[in-house]
Structures are given as C-alpha cells and as structure tokens.
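Below: the structure, in structure tokens.
Please treat every number below as a calculation from the coordinates, not as lab data. If you're wondering where the values come from, they're calculated on a predicted model, not measured in any experiment. Using ideal geometry, Cβ is built from the backbone for each residue, glycine included, and neighbour counts are taken over all protein chains shown.
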Amino acid sequence: MKKKYTFRHFMIVDGKRVEIDPTKVSRIADGCKLLWANISTGKEHVLVKKGK
C-alpha cells in the first residue's frame, strides 16, 4: 500500500510560527525548493543557474 504524506513549511515571524508555501515565497533558499521538489515528485532534481 502506498503512503501519502503531507508536508507543511513554517517560518518564525515576530516570534510566531507562520505556515508558508515555499513555492510562493521568494526568500526561501533554493536548496529548500530542491528538497521539496525531490520529495513531492519522488524523482531526483538538480538546480540550474539561469543565463543572463
């Protein structure tokens, strides 16, 4: 039987824990987004730098 997981992300803002969506918050580190992509899809992803 396949398990389904729910992941929630939080930041501390003014001393209070606030739930965030890491795909919509630009301040979240790319490493966190990479980890989230790997876990949510079950596939290996890599970060690439945009060309200027």
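Using the C-alpha atoms of the chain, what convex hull volume per residue, in cubic angstrom, is computed?
Spread over its residues, the Cα hull of the chain gives 98 Å³ apiece.
Past 21 Å, Cα to Cα, is the threshold; run 3/24; 4/24; 4/43; 2/43; 3/43 against it and keep the listed order. Kindly include the intermediate steps, with their values, before the conclusion.
Working: 3/24 26 Å; 4/24 23 Å; 4/43 16 Å; 2/43 16 Å; 3/43 16 Å.
Among 3/24; 4/24; 4/43; 2/43; 3/43, the Cα-Cα distance tops 21 Å for 3/24; 4/24.
Normalised by the residues of the chain, what does the relative contact order come to in percent, with Cα pairs under 8 Å and at least six apart?
This gives 18 percent for the chain.
If packing is taken as the mean number of other Cβ atoms within 10 Å per residue, what is the order of 34-46, 4-16, highest first? Walk me through the intermediate numbers first.
On the way: 34-46: 11.4, 4-16: 7.8.
Highest-to-lowest ranking by the protection proxy: 34-46, 4-16.
Between residue 12 and residue 24, what length in nm is gained on full extension when 0.36 nm per residue of separation is reduced by their alpha carbon distance?
Here the segment from residue 12 to residue 24 would lengthen by 2.7 nm.
At 222 nm, what value in deg cm²/dmol follows for the chain if DSSP H runs of at least 4 each add -39500 (n - 2.57) and the sum is divided by all its residues, to the nearest 500?
One gets -7000 deg cm²/dmol as the mean residue ellipticity at 222 nm.
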